[in-house]
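Q: I'd like to ask you about the structure that follows.
The values are calculated or read from the model by the stated rules, or taken from the named source; none is laboratory data. Given the structure is predicted, the values throughout are model-derived calculations rather than measurements. As a convention, Cβ positions derive from the backbone with ideal geometry for all residues, glycine included, and neighbour counts pool all protein chains shown.
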Ligand SMILES: [Zn+2]
């Protein structure tokens, strides 16, 4: 058996991924908007395909193991098989992944980091961990154009 080895490090460029910091604002009902910074991972097609295949492989691996569990395999095998496809589909579409939000809560005024994750399309609902207020995160458009966090890398899709 020849070890295939792990794929090491991101390949920079079109098929790889890059990290973008972009200005954004946080708004809350009845409060003045505050400034925030979002960090977005822009994932090229290659990076997305790798993540999708990894998710698919993990789920199908679990499905394979579940074959040997009596009775439960009637449920587990199809569940993991379908979950793998769903997860892969989600990851294939994650062209812009929100990894970090830092800013000042417009309600309680505390400068902090907010929980983030998943696909980012320029707007996102957030909860302030301090005052538990519902906040809205909006990426700010760059002067004369779209937000840097939203600029597409011109792939067909
Ligand atoms: Zn707050």
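Q: With respect to the numbered conditions (1) away from the ligand (no atom under 16 Å from the Cβ); (2) within 30 Å of residue 39 (Cβ to Cβ); (3) without any contact (Cβ under 8 Å) to a residue 60 or more places away in the chain, which one is the sole condition not fulfilled by residue 108?
A: Condition (1) is where residue 108 drops out.
Q: Okay, next question. Has the stretch 71-86 got any residue that is under 30 Å from residue 137 (Cβ atoms), surrounded by 14 or more Cβ atoms within 10 Å (Cβ to Cβ) and either modelled with pLDDT under 95 or more than 16 Å from the ligand (Cβ to nearest atom) (or both)?
A: yes
Q: Right, here's the next one. Name the one entry in 127, 95 that is in contact with a strand residue (DSSP E or B) (Cβ under 8 Å, 6 or more places away or on another chain) and within 16 Å of the ligand (Cβ to nearest atom).
A: Going through 127, 95 in turn, just one is in contact with a strand residue (DSSP E or B) (Cβ under 8 Å, 6 or more places away or on another chain) and within 16 Å of the ligand (Cβ to nearest atom): 127.
Q: For the subset of the stretch 130-144 comprising residues that are at negative phi and away from the ligand (no atom under 16 Å from the Cβ), which member is modelled with the highest pLDDT?
A: 138
Q: Residue 81: within 23 Å of residue 18 (Cβ to Cβ) and either touching a residue at least 12 places away in the same chain (Cβ under 8 Å) or not assigned by TED's automatic domain parsing to the domain that holds residue 135 (or both), yes or no?
A: No, not satisfied.
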